[in-house]
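A short worksheet on the structure shown next.
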2 protein chains.
Amino acid sequence: MKKLFLLVAAACFAFSASAQEALGSRAQVVSPQINENNSVTLRLAAPEAKKVTVAGNFLTPDGTPVENTEMVRNADGVWEYTSPVLRSELYNYNFVVDGVRICDPSNVFICRDVASSFNIFIIGGDRGDIYSVNDVPHGSVTKTWYDSPTLQTKRRVTVYTPAGYEKSNAEYPVLYLLHGAGGDEEAWMTLGRTSQILDNLIAQGKAKPMLVVMTNGNAGQTAAVGEAAGGMIQPSMRGNANVRPAASFEQSFGDVIKFVESNYRVIKKKEGRAIAGLSMGGGHSYNISRTYPNTFDYVGLFSAAAGNLDNEEVQNSLKAQRDNGFKLYWIACGNTDFLYQRNLDMMKYMDSIKFPYTYRESGEGHIWRNWRIYLSEFAPMLFK
Amino acid sequence: MKKLFLLVAAACFAFSASAQEALGSRAQVVSPQINENNSVTLRLAAPEAKKVTVAGNFLTPDGTPVENTEMVRNADGVWEYTSPVLRSELYNYNFVVDGVRICDPSNVFICRDVASSFNIFIIGGDRGDIYSVNDVPHGSVTKTWYDSPTLQTKRRVTVYTPAGYEKSNAEYPVLYLLHGAGGDEEAWMTLGRTSQILDNLIAQGKAKPMLVVMTNGNAGQTAAVGEAAGGMIQPSMRGNANVRPAASFEQSFGDVIKFVESNYRVIKKKEGRAIAGLSMGGGHSYNISRTYPNTFDYVGLFSAAAGNLDNEEVQNSLKAQRDNGFKLYWIACGNTDFLYQRNLDMMKYMDSIKFPYTYRESGEGHIWRNWRIYLSEFAPMLFK
């Protein structure tokens with residue numbers, strides 16, 4: 001078979017030059033190249049371009065974001081950029097070639113955030129290692145569909161089950177993890193690196209083995225774009241409604257819990273349930289945890305779009321939640337987040353009613369880098 | 001919450017112009033646009049470009065592939081191309097901007113084939129509908145890890161379970177579906193549209209509900225690039241070995257069957273097992289089905305890299321397979337495939353030993369368009 005394999009491989013390479021498929025075509029340059037000193041070199045072969053820049057979220061040593069840094073053209077028409085030494089992180093970037101923002105054709109690792117696609121790379125050594133696939137036991141990730149009588153439709157959901165779940169007889173706790181506006185049931189897996197974070201924290205003994213259930217929080221959408229009937233529509237911040245919602249996502253959340261608790265071997269008690277989300281999903285977590293009676297022992301609000309504290313019903317629900325008690329109410333926000341003041345105001349009200357919470361303030365703003373950090377810090381505090 | 005949502009959405013849009021994340025940035029043009037007459041219009045805003053072409057697998061009405069068709073620049077600097085009326089199909093394309101091959105920045109549907117990324121779109125109405133997500137019951141898709149004692153490692157696998165599997169008590173048949181050189185356990189899902197094809201054929205009553213198990217056929221690789229330890233290496237036709245294989249993939253295949261049959265509610269008999277693959281995976285299916293004793297009632301070779309019929313052991317194994325009997329041995333190949341003659345030679349030998357097979361010859365060559373067609377035709381013949 002070896003000879004035949006080489007024949008096939010050679011023929012496939014030959015095909016790449018043909019009109020038929022992109023199969024096997026090779027990148028002309030190496031990009032990204034992670035250097036030994038933890039800088040990154042990016043390259044693009046574009047002999048005819050007049051100007052090529054990098055748009056990325058790399059940090060200069062003093063923490064200033066670098067946007068639209070010019071690349072330098074070498075004699076062969078390859079444009080190159082080498083970053084400063086970077087902190088261990090997951091970074092993203094595009095190239096901008098004569099004004100057109102593109103993905104790096106040499107880097108197959110492409111992530112989508114709402115309607116934007118960009119490349120990613122990881123600088124290891126510290127935090128980046130938590131976001132990397134390491135040689136540890138891996139959980140399973142299932143994309144499946146649950147019935148939502150409240151929203152009168154089937155809806156898609158992503159379920160992470162930790163390594164060992166299939167062979168165990170134990171009941172597992174569940175973290176419900178909710179995305180923000182413009183996101184969907186894919187976002188926490190792709191942008192949030194949830195399975196890598198959980199695999200690594202569990203393998204290190206830092207987090208308890210748990211299920212993570214990643215829902216679609218757009219009540220008018222049954223699934224991520226491309227995964228719902230109605231064609232491969234381009235995504236938008238409004239969640240691409242493909243059905244007219246019969247209720248709010250929060251009102252339908254009991255359907256999610258019911259699905260999980262009747263299909264998975266999980267702890268069906270408050271002590272085995274956590275809910276957390278970012279931005280709109282932080283608002284969802286806030287609303288669901290205060291309106292579902294005594295259901296969650298752990299709540300995480302990440303850069304949350306929460307509040308509405310001029311409303312007496314909201315106030316009363318928070319007081320009831322306080323009186324019922326819980327183990328952890330964790331609020332995290334970046335100090336440049338546009339929701340920062342809103343979160344401070346919410347906590348001021350909580351202080352006034354002696355609602356116990358833990359506040360984690362970070363730098364930066366409303367970005368996935370923060371939300372990955374928050375998940376990495378929140379998960380280890382759960383179910384202990 | 002509505003007011004707050006709008007606030008969040010507006011703020012996120014504002015962020016898109018900032019340095020922080022690509023979150024929420026909107027495409028400048030609509031592309032692709034499927035027109036009412038089933039042509040497609042593609043657009044790229046590139047005011048400074050000198051030449052923009054489309055590289056795609058669109059068919060002109062007479063079936064000639066169109067490659068590197070020039071786009072036309074309008075006064076606003078938007079380049080546009082409208083195809084001829086297209087047959088119902090899944091198509092792929094890139095733009096080539098002044099010599100740089102890129103993905104369409106307005107189209108988030110991006111597929112990877114080995115090291116190439118390109119955009120896809122679907123023209124519905126006929127075959128394209130089988131590859132689309134429709135309003136039918138959907139199966140679940142799980143990425144999980146199985147133990148391979150033969151290869152001395154854990155390995156990643158994709159498992160499709162049909163709609164209704166979770167709630168049923170029935171035992172289901174299993175199709176093992178293998179990729180080609182340069183592919184991995186993702187390929188049949190992304191390029192092959194397996195879950196859409198199975199969802200639709202099952203919903204139409206054309207295929208029996210079955211599991212589809214999509215393995216990683218590169219013995220030296222534990223998982224697709226980016227899903228295995230060792231970093232986000234760029235893929236290659238050689239399967240990016242990250243372990244030194246202790247055996248061939250074919251030799252290890254018993255580990256896959258054992259995993260499936262001890263973890264899923266499946267029929268553990270020959271009549272409930274099918275194996276099929278494309279190119280290298282067709283070779284694997286050929287080798288596995290003739291060397292595993294009386295294990296498969298259904299075999300599919302799609303553009304298979306099979307043969308080796310000058311070898312007496314291979315001849316004897318085929319004769320044994322013939323004598324054991326099976327329900328279907330289906331060979332499909334395109335008449336411009338570089339393995340076409342090889343498949344003809346193999347069938348000539350099979351004729352000489354009265355090895356019963358069904359031959360399906362198609363047009364075109366060694367391309368995913370054919371493999372999707374073959375799967376769509378093969379699946380309905382199984383387990384009946």
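All of the numbers you see were taken from the coordinates with simple rules; none came from a lab. The structure displayed is predicted, hence computed values, not measured ones. Neighbour counts are summed over all protein chains in view; Cβ atoms, including those assigned to glycine, are modelled from backbone coordinates with ideal geometry.
Across region A:95-118, what is the total count of residues that are more than 7 Å from chain B (Cβ to nearest Cβ), free of Cβ contacts under 8 Å to residues at least 60 places away in the same chain and surrounded by fewer than 22 Cβ atoms within 10 Å (Cβ to Cβ)? Selection size over region A:95-118: 1. Only one of the numbered conditions (1) assigned to a loop (DSSP other than H, G, I, E, B); (2) touching a residue at least 40 places away in the same chain (Cβ under 8 Å); (3) touching an Asp or Glu at 6+ places or on another chain (Cβ under 8 Å) is not met by residue A:143, and that is (1).
Which ones in region B:177-195 are over 21 Å from residue A:156 (Cβ atoms) and more than 11 Å from every other protein chain (Cβ to nearest Cβ)? B:177, B:178, B:179, B:184 - these are the residues of region B:177-195 that are over 21 Å from residue A:156 (Cβ atoms) and more than 11 Å from every other protein chain (Cβ to nearest Cβ). Looking at A:325, A:334 in this structure, which one is in contact with a Phe, Trp or Tyr (Cβ under 9 Å, 6 or more places away or on another chain) and either small (Gly, Ala, Ser) or closer than 18 Å to residue A:248 by Cα (or both)? The conditions single out A:334. With respect to the numbered conditions (1) within 9 Å of chain A (Cβ to nearest Cβ); (2) of a type outside the set (Val, Ile, Thr); (3) outside any strand (DSSP E or B), which one is the sole condition not fulfilled by residue B:121? Answer for residue B:121: the failing condition is (3). For region A:152-176, a tally of residues being away from chain B (no Cβ under 14 Å) and touching a helix residue (DSSP H, G or I) at 6+ places or on another chain (Cβ under 9 Å) returns 6. Taken residue by residue, region A:227-234 has at least one member that is within 14 Å of chain B (Cβ to nearest Cβ) and touching a strand residue (DSSP E or B) at 6+ places or on another chain (Cβ under 7 Å).
Filter region B:231-278 down to residues that are among the small types (Gly, Ala, Ser) and surrounded by fewer than 18 Cβ atoms within 10 Å (Cβ to Cβ) and give me whichever is farthest from residue B:302 (Cα to Cα). Looking at the filtered set, the residue picked out is B:231. In the set (1) over 29 Å from residue A:231 (Cα atoms); (2) touching a Lys or Arg at 6+ places or on another chain (Cβ under 8 Å); (3) part of a loop (DSSP other than H, G, I, E, B); (4) of a type outside the set (Phe, Trp, Tyr), the condition left unmet by residue B:151 is number (2).
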